[in-house]
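Read through the structure below, which is laid out as structure tokens, and then see the notes.
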Amino acid sequence: MITEHKALLKETALKYFLKYVQINSQSNSDSDTFPSSAVQIELGKVIVEDLKVIGIDNAIIDKYGFVYAVLPCSDGVQAKPISFLAHMDTSPAESGDNVKPVIHPNYQGDIISYPDNKELLLSPDDSPELLKFIGEDIITASGNTLLGADDKAGVAAIMAALELYIRYSEYKHPELRIVFTPDEEIGQGVDKIDINRLGTVAYTIDGGELGELEAECFDAYSAKLRFHGINVHPGSAKNIMVNAAAIAARFFTDVPEWQTPEHTEKKEGFFHLTDIKGDESEALLSFIIRDFDQSNNEKRLKYLEQLKESYLLRYPGLKIEAEFKHSYQNMYNILRQHPEVIEKAAQAMEDVGIKVLRNAIRGGTDGARLCYMGVPTPNIFSGGVMYHSKREWIPVIALQKAAETIIRLSELYC
């Protein structure tokens, strides 16, 4: 039945996507507020108004920036409620201000250029996934910002599905409890979520390329090491100065290079230095630590602890504060107990003509933490590629297919 309205789904999802990517909603890892940036609240308010325009009058945004909405079940349907989620924030890795989406129609495998950055190019050599979408329309940013498909593509797909439900009652579904979250990119996307507003199972629309279905993700820690040195005029520094910035730089060089993102793939874990800053008096190293096996991450934390102790012996007068935080766990430990939740998603994709790509996420989603809060939550593609970069792109067909998957999956729960 979706066949009758595929063009409408495509048009609607594209409409929302182009609108939302132009609204800056970057999260801020240096903030101590929740949400971490006021711009996320502004996007949430826009989404709430859009939900009300299409006829979902119960949509709200709470003080933490979460958008909640409920679509009552179809007449005659008796099934437990399910949830669909996507996050509103974009990564702080690249600018999200003044995003200008550019549609490249009827892509033919050539090199894509960017109107605002003549030195930036996108080719199948960099992103071989492009060759899967010959003849399709491709969306990029204009060259100075990320695009924001992570995860405004997920938001747009959910919005398109909801609008279709409102317009055409023949599409059957259980009660749908929708949540759009803030701050996923900085690892706190469900810190303040009202878990009672979710269904018995949920799906994040936050995966990568078209067809991805993910039930396994990294186990994740963050680590901050703050170095306190002793500063003095360099002309009289011998045997007195303890240069915190220089010591922090040496500390990082003692982290195994072969265990960094540049040298790992598939199920290999890593240390990733996300920030280094400081001066002679004080310096900070910030890491994220990832592996599919929590015990391997615990070994990495132990390594940092032991390295810290050796540096304290090596540099008398140096002080190091270490802060470790467990960000999220591998969701497979929970989802393997609920195989039907994963298989329904796979069936929905196949039913709408998508080849299912079962991948382990070299990253995480809100669903990883929701699984441990009692709501099994696999991750479904939103369709973008090269996330968090100026060369981020998405085929328009992925927006449509994500919306189709939501509609068919909801039907399967009836």
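Just so you know, in segment 159-190 the residues that are farther than 20 Å from Q400 by Cα and acidic (D, E) include one that is least open to solvent (accessible area, probe 1.4 Å), and it is D183. Residues that are buried (at least 23 other Cβ atoms within 10 Å of the Cβ) and either in contact with a Pro (Cβ under 6 Å, 6 or more places away or on another chain) or without any contact (Cβ under 8 Å) to a residue 60 or more places away in the chain (or both) within segment 363-414 comprise just one, C371. Within segment 240-262, the presence of at least one residue that is closer than 30 Å to E129 by Cα, open to solvent by 10 Å² or more (accessible area, probe 1.4 Å), in contact (Cβ under 8 Å) with a residue 40 or more places away in the chain and not small (G, A, S) is confirmed.
Condition check ((1) open to solvent by 70 Å² or more (accessible area, probe 1.4 Å); (2) within 20 Å of the chain's Cα centre (by Cα)) across all residues:
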{"site": "E4", "(1), (2)": "yes, no"}
{"site": "Y16", "(1), (2)": "no, yes"}
{"site": "V21", "(1), (2)": "no, yes"}
{"site": "S36", "(1), (2)": "no, yes"}
{"site": "V46", "(1), (2)": "no, no"}
{"site": "K52", "(1), (2)": "yes, no"}
{"site": "A79", "(1), (2)": "no, no"}
{"site": "S83", "(1), (2)": "no, yes"}
{"site": "D89", "(1), (2)": "no, yes"}
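Within segment 60-114, the set of residues being aliphatic (A, V, I, L, M), without any contact (Cβ under 8 Å) to a residue 60 or more places away in the chain and part of a loop (DSSP other than H, G, I, E, B) comprises just one member, I111. Sort out which residues of segment 115-132 are part of a loop (DSSP other than H, G, I, E, B) and free of Cβ contacts under 8 Å to residues at least 12 places away in the same chain, and write them in order of number. Answer for segment 115-132, where residues must be part of a loop (DSSP other than H, G, I, E, B) and free of Cβ contacts under 8 Å to residues at least 12 places away in the same chain: just D125. For K308, the conditions (1) in contact with a strand residue (DSSP E or B) (Cβ under 6 Å, 6 or more places away or on another chain); (2) exposed (fewer than 13 other Cβ atoms within 10 Å of the Cβ); (3) not in a loop (DSSP other than H, G, I, E, B) all hold with the exception of (2).
Output the number of residues of segment 218-239 satisfying the condition of being surrounded by 11 or more Cβ atoms within 10 Å (Cβ to Cβ), more than 30 Å from D366 (Cα to Cα) and either at pLDDT below 95 or not polar (S, T, N, Q) (or both). Break it down stepwise before answering.
Here is the first cut: in segment 218-239, the residues surrounded by 11 or more Cβ atoms within 10 Å (Cβ to Cβ) are 218-232, 237.
Add one more test, that the residue is more than 30 Å from D366 (Cα to Cα), and what stays is 227-232, 237.
Still in the list and also either at pLDDT below 95 or not polar (S, T, N, Q) (or both): 227-230, 232, 237.
The qualifying residues number 6.
The set of residues in segment 311-340 that are in a helix (DSSP H, G or I) and either in contact with a Leu (Cβ under 7 Å, 6 or more places away or on another chain) or closer than 23 Å to I247 by Cα (or both) comprises Y311, L312, L313, R314.
Checked against (1) closer than 29 Å to M88 by Cα; (2) touching a residue at least 40 places away in the same chain (Cβ under 8 Å); (3) not in a helix (DSSP H, G or I), E280 passes all but a single condition, namely (1).
The values are calculated or read from the model by the stated rules, or taken from the named source; none is laboratory data. Quick caveat: nothing in here was measured; it's all calculated off a predicted structure. Reconstructed Cβ throughout: ideal geometry from the backbone, glycine too, with neighbour counts over all protein chains shown. Just so you know, the surface numbers come from the protein's heavy atoms only, side chains and all, with ligands and any DNA or RNA stripped out. Shrake-Rupley method; radii C 1.70, N 1.55, O 1.52, S 1.80 Å.
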